[in-house]
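Novice: Supplied in structure tokens, the structure appears directly below.
The values are calculated or read from the model by the stated rules, or taken from the named source; none is laboratory data. Here the structure is a predicted model, which is why all the values come from computation and not from measurement. Ideal geometry is used to build each Cβ from the backbone, glycine not excepted, and the neighbour counts take in all protein chains shown. Surface areas here come from the heavy atoms of the whole protein model, side chains and all, with no ligands, DNA or RNA. Shrake-Rupley method; radii C 1.70, N 1.55, O 1.52, S 1.80 Å.
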Amino acid sequence: MTTQTQDRRTATGLVGGAAVCTVLTLATGTLLPAVTAGGLLVCALMTYRRTLEPRPYWYWPAWLVGAAVALLLATAAGDAARLTLVPLALAESIVGVALFGLWHRRRHGRGDWIVWIPDTGVVLRREWSRQAAVHWATTERHGTRCVISPLDEFPEAADAVPVYPFRDRPGIAGPRPADQG
């Protein structure tokens, strides 16, 4: 079992525990199960985030978990706290849904930029912003002249494995598949 699969299963178990605590909060109206459910949701969020690639707008789950925790606490809190927590939860959910829409729109690489060699069609690097692509092209020495283009203009390059794929080591070339020479 891979670490990613294990983390997703762990996050699912934590969400299940949070659901049980949520039912206890609704049944009893006490604060302890609400705080426990909130803690379990935050732990599930941290575990699940380890499985996601850090792409633009990938922090949308944090906003939605924050909204859920605020609603849980509002359920068990007094009237004065509800006046603050319910509007906070509403604002967090609006931001979370908006970020989810932006993330979903860019999920498959729409809006990405590529650094490539037009003569051969070899993709050197794929970045999330034009600024990052320009920075990489001007700072790394790869030996040939390259072009920076939006990936949307060259959809055939979407499946190409870049020569320099590692975000944490931008100058290190990765292994190349046999069909991409």
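Novice: Please work out the FRET efficiency for the pair VAL97 and ALA173, using the Cβ-Cβ distance as r and a Förster radius of 35 Å; give the result to the nearest 0.05.
Specialist: Values: r = 40 Å, r/R0 = 1.13.
Once rounded, the FRET efficiency stands at 0.30.
Novice: With charges only on Cβ, +1 for K and R and -1 for D and E, what is the dipole size of the chain about its Cα centre, in debye, rounded to 20? Mind dumping the intermediate values first?
Specialist: Details: 18 positive and 14 negative charges, 45 e Å.
Using only the charged Cβ atoms, the result is roughly 220 debye.
Novice: With an 8 Å cut-off on Cα pairs and a minimum separation of 6 or more residues, tell me the relative contact order of the chain in percent.
Specialist: Working: 244 pairs, mean separation 27.1, N = 181.
Over the chain, the number comes to 15 percent.
Novice: How large is the Kirkwood hydrodynamic radius of the chain, in angstrom, based on all distinct alpha carbon pairs? Provide the component values of the computation, followed by the final result.
Specialist: Numbers: mean 1/r = 0.0519 Å⁻¹.
Final number for the Kirkwood radius of the chain is 19.3 Å.
Novice: Out of ALA77, VAL122, ALA133, whose Cα points farthest toward the positive end of the dipole of the chain (charges: +1 Lys, Arg; -1 Asp, Glu; placed on Cβ)?
Specialist: Among ALA77, VAL122, ALA133, the one farthest towards the positive end of the dipole of the chain is ALA77.
Novice: Take the Cα pairs of the range 22-110, get the Kirkwood Rh, then feed it into Stokes-Einstein at 37 °C and 0.692 mPa s and tell me D in µm²/s. It would help to have the intermediate numbers written out before the result.
Specialist: Working: Rh = 13.9 Å.
Rounded, D is 236 µm²/s.
Novice: Considering the chain as a Gaussian network with a 10 Å cut-off on Cα pairs, which listed residue, VAL20, VAL42, VAL115, attains the greatest mean-square fluctuation?
Specialist: Answer for the Gaussian network model of the chain: VAL20.
Novice: Select from PRO162, PRO33, PRO54 the residue whose mean-square fluctuation is largest in a Gaussian network model of the chain (Cα-Cα springs shorter than 10 Å).
Specialist: In the Gaussian network model the winner is PRO54.
Novice: Compute the accessible area per residue over the chain, keeping the other protein chains in place, probe 1.4 Å, unit Å². Mind dumping the intermediate values first?
Specialist: Values: 10870 Å² over 181 residues.
Normalised by residue count, the accessible surface of the chain is 60 Å².
Novice: Modelling each spin label as a point 7 Å along the Cα-to-Cβ direction, I'd like the VAL147/VAL23 distance in nm, to one decimal.
Specialist: Result: 6.0 nm between the two label points.
Novice: With label points built 7 Å along Cα→Cβ from the Cα atoms of PHE154 and ALA80, find their separation and express it in nm.
Specialist: Each label point is offset 7 Å from its Cα along the Cβ direction, giving 6.2 nm.
Novice: Helix-only estimate, please: 222 nm mean residue ellipticity of the chain, summing -39500 (n - 2.57) across DSSP H runs of length 4 or more and dividing by its residues, to the nearest 500. Spell out each step's value before the answer.
Specialist: Details: 5 runs with 100 residues, N = 181.
Rounded to the nearest 500, it is -19000 deg cm²/dmol.
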